[in-house]
1. Out of everything in the range 35-82 that is of a type in the set (A, V, I, L, M, F, W, C) and more than 30 Å from ASN243 (Cβ to Cβ), what residue ends up being surrounded by the most Cβ atoms within 10 Å (Cβ to Cβ)?
2. Looking only at residues that are touching a residue at least 60 places away in the same chain (Cβ under 8 Å) and aliphatic (A, V, I, L, M) in the range 386-409, which one is farthest from TYR287 (Cα to Cα)?
3. Looking at this structure, is THR402 β-branched (Val, Ile, Thr), on the phi < 0 side of the Ramachandran plot, crowded, with 22+ Cβ neighbours inside 10 Å and at pLDDT 95 or above?
4. Is the range 64-84 home to any residue that is in a loop (DSSP other than H, G, I, E, B) and within 18 Å of VAL171 (Cα to Cα)?
5. Any chance the range 105-117 includes a residue that's closer than 20 Å to ARG215 by Cα and surrounded by 21 or more Cβ atoms within 10 Å (Cβ to Cβ)?
6. Would you mind finding the one in VAL347, VAL411 that is touching a strand residue (DSSP E or B) at 6+ places or on another chain (Cβ under 6 Å), within 26 Å of ILE247 (Cβ to Cβ) and part of a strand (DSSP E or B)?
7. So, GLN420, is that one closer than 19 Å to ILE72 by Cα and surrounded by fewer than 22 Cβ atoms within 10 Å (Cβ to Cβ) or not?
8. Taking ALA322 and the conditions (1) surrounded by fewer than 17 Cβ atoms within 10 Å (Cβ to Cβ); (2) more than 26 Å from the chain's Cα centre (by Cα); (3) not β-branched (Val, Ile, Thr), which numbered condition does it fall short on, given that it satisfies the others?
Amino acid sequence: MMPSPLSVEDLPPNLLNLLSQAKELYEKSLVNDDNDDERTSLPIHCASAPGRVNLIGEHTDYTGGYVLPLAIGYNTLCYGRGGIVKVDSMKSSLCRIVSMNDPTNITEFRAIPTLPPSSADSNNKWANYVQGTILQYLPDLEDDETFALDMAVVGDVPLGSGLSSSASLEVATAVFLECIMDQHDGVAYSSYKTDHENSDTSPSSKERKMERAIRCQRAENVFVGVPCGIMDQFVSSAGSKGNLLLIDCRSLDFREVCVAEPSKESEAPVLVVANSNVKHDLGAGEYPIRVRQCKEATEILSKVNPRIQSLRDASMKDIDNAVSTASLDGVLLQRARHVVSENARTVDAANAWARADWAVVGQLMNASHTSMRNDYEVSCEEIDVLVDLAQKFHGVYGSRLTGGGFGGCTVTLVNKSVAQDLIDHLSVEYEKATGMKCSCFETSPGDGAIAISVL
């Protein structure tokens, strides 16, 4: 069963602010005189899930590789009423959702297996992430049951910034649904428990965090149509305060990598995230192309070495062998070389982080960006400006693009004593170089998704 949700008194200021915004949005947009008694009697639930920054391990998750992300203190929060009702209860079985980004536009739908996604050019495209997640939980209900909910969605994860606003929306929705299911007849995850009879299904358990991430990734792959890996949903669900997560995206095993204690001689560095304010859309264009190219490179490599089922299995020696036979070249060589070398860098970075070898971590971050820019070709001029400015700044160990690319954010490892100086420097020099403003913040590893008690 669900352990006690976090009380309002224990929330940090930014979540308190989001909760206040969500309540106001809910009252203004979803509460009216037409609400029937059955809907207004549904319990109130609240859930929050964070965005993420990936220290290193980019474009490796969808090939079963390694990633090293952390949850950050920017979140998506869902607030409202919800319950499980009979499918034939026409009015009460309606789902209504509203976003702070479009408070007058209420999306209404019925949670049924044949629910179609909104078109890519629709103003309601954001709702696909909610709807897709709901559909992943429908099989846990009885055949004659469905979800009914009135849910307001707010958040402070910058959209299109590479900090996983979409994954945080999916995971927050998932926890909201789990709250509904756990309260309904006092039974949690009936079908999940059947398949995992001896598993701990509390939201804090490893098994439930993994299951939640899988459902949310499937929602994005199948319903939204983005062929993403599982990293974003995983760290949003399973993030741990003070720790990075080294995730094996094939087995879904993960280990927490502690932020090493600072030595007596020096203080531990911090992470600074800089938002280029160049928006990206992973559902269109280059991202699906990279996924396809990785599959094509894998097919070629598997002919050289049959044990290679994904780029995770390949080594640089395998790539050299494929090059020598002229079977792997051009763009596919570049893509494979990035993924294989990035997997090695990610494991090395986790080990270096654990022993507080900041110089090595920084070198690996710099090498990662070079690979992403030259071999994977997912950087852009504005991101390269930010990385170059940071890498040349005194006290910086390393800097790189974080996220899917084509815009978004950079992450920089820098001495704490000069972090604010770096932020000021980036803000001024980036605008000089590009004519655009850059927003920066210092961050540290935070917790993953939570349920919030609002009673």
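The values are calculated or read from the model by the stated rules, or taken from the named source; none is laboratory data. Because the structure is predicted, anything quoted here is derived from the model rather than measured. Reconstructed Cβ throughout: ideal geometry from the backbone, glycine too, with neighbour counts over all protein chains shown.
1. Going residue by residue through the range 35-82, those that are of a type in the set (A, V, I, L, M, F, W, C) are 42, 44, 46-47, 49, 53, 55-56, 67-68, 70-72, 77-78.
Add one more test, that the residue is more than 30 Å from ASN243 (Cβ to Cβ), and what stays is 42, 44.
Working: LEU42: 20, ILE44: 15.
Of everything passing the filter in the range 35-82, LEU42 is surrounded by the most Cβ atoms within 10 Å (Cβ to Cβ).
2. ALA390
3. Values: β-branched (Val, Ile, Thr): yes; on the phi < 0 side of the Ramachandran plot: yes; crowded, with 22+ Cβ neighbours inside 10 Å: yes; at pLDDT 95 or above: yes.
When the stated conditions are applied, THR402 passes them.
4. Step one: filter the range 64-84 for residues in a loop (DSSP other than H, G, I, E, B), giving 64-65.
Add one more test, that the residue is within 18 Å of VAL171 (Cα to Cα), and what stays is none.
No, the conditions are met nowhere in the range 64-84.
5. yes
6. Numbers: VAL347 fails: part of a strand (DSSP E or B).
Step by step, each of VAL347, VAL411 is checked, and only VAL411 is touching a strand residue (DSSP E or B) at 6+ places or on another chain (Cβ under 6 Å), within 26 Å of ILE247 (Cβ to Cβ) and part of a strand (DSSP E or B).
7. Details: closer than 19 Å to ILE72 by Cα: yes; surrounded by fewer than 22 Cβ atoms within 10 Å (Cβ to Cβ): yes.
Taking the combined requirement at face value, the residue satisfies it.
8. (1)
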